[in-house]
Amino acid sequence: MMTESLYRLSHNSSQPFFAWRARLCCKLFLFVASDVGGHKELIRDGETGVLFKAGNSQSLADKVLGLLQSTGQWPALKQAGRRFVETERNWKASVARYQAVYGGLMRFREGARA
């Protein structure tokens, strides 16, 4: 019997996708998500999880079956997902991305007042 964990993400979740993904990656879950919005930003298909075509049940079935047939790939997927969250989706990295945008806006605003 398989003891691995697989987590399917829905875009209707009550919590932000980032919060769920960060928690679950740190617990080394496998991810299967549709290829919409933020999912594509946070999951690299075949590297940090698996993306299926949104609204396409055959695509979902194919991706899940592919995962089930390649259990040897699971540790690498889970470790890559965890590394991605730890290095690219942490608060320090997130704030740094926003700091550049908002810093530029603030300098523009200050210049407009002068």
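The values are calculated or read from the model by the stated rules, or taken from the named source; none is laboratory data. Remember, it's a predicted structure, so these values are computed and weren't measured experimentally. Glycine also receives a Cβ, built like all others from the backbone with ideal geometry; neighbour counts cover every protein chain displayed.
Of the residues 99, 73, 69, 79, which single one is at negative phi, out of contact with any Cys (no Cβ under 7 Å at 6 or more places or on another chain) and at pLDDT below 85?
The conditions single out 99.
Every residue, every condition in (1) surrounded by 14 or more Cβ atoms within 10 Å (Cβ to Cβ); (2) modelled with pLDDT of 85 or more; (3) of a type in the set (Lys, Arg); (4) assigned to a strand (DSSP E or B), yes or no:
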{"position": "3", "(1), (2), (3), (4)": "no, no, no, no"}
{"position": "12", "(1), (2), (3), (4)": "no, no, no, no"}
{"position": "20", "(1), (2), (3), (4)": "yes, no, no, no"}
{"position": "39", "(1), (2), (3), (4)": "yes, no, no, no"}
{"position": "51", "(1), (2), (3), (4)": "yes, yes, no, yes"}
{"position": "55", "(1), (2), (3), (4)": "no, yes, no, no"}
{"position": "59", "(1), (2), (3), (4)": "yes, yes, no, no"}
{"position": "64", "(1), (2), (3), (4)": "yes, yes, no, no"}
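Considering every residue within segment 51-64, establish whether at least one is in contact (Cβ under 8 Å) with a residue 24 or more places away in the chain and of a type in the set (Asp, Glu).
No; the residues of segment 51-64 include none that is in contact (Cβ under 8 Å) with a residue 24 or more places away in the chain and of a type in the set (Asp, Glu).
Since residue 78 meets every condition but one in (1) of a type in the set (Lys, Arg); (2) free of Cβ contacts under 8 Å to residues at least 40 places away in the same chain; (3) in contact with a strand residue (DSSP E or B) (Cβ under 9 Å, 6 or more places away or on another chain), which condition does it not meet?
Among (1) of a type in the set (Lys, Arg); (2) free of Cβ contacts under 8 Å to residues at least 40 places away in the same chain; (3) in contact with a strand residue (DSSP E or B) (Cβ under 9 Å, 6 or more places away or on another chain), the lone unmet condition for residue 78 is (2).
I'd like the full set of residues that are surrounded by 10 or more Cβ atoms within 10 Å (Cβ to Cβ), of a type outside the set (Ser, Thr, Tyr) and without any contact (Cβ under 8 Å) to a residue 12 or more places away in the chain, limited to segment 66-75.
The answer is 68, 73, 75.
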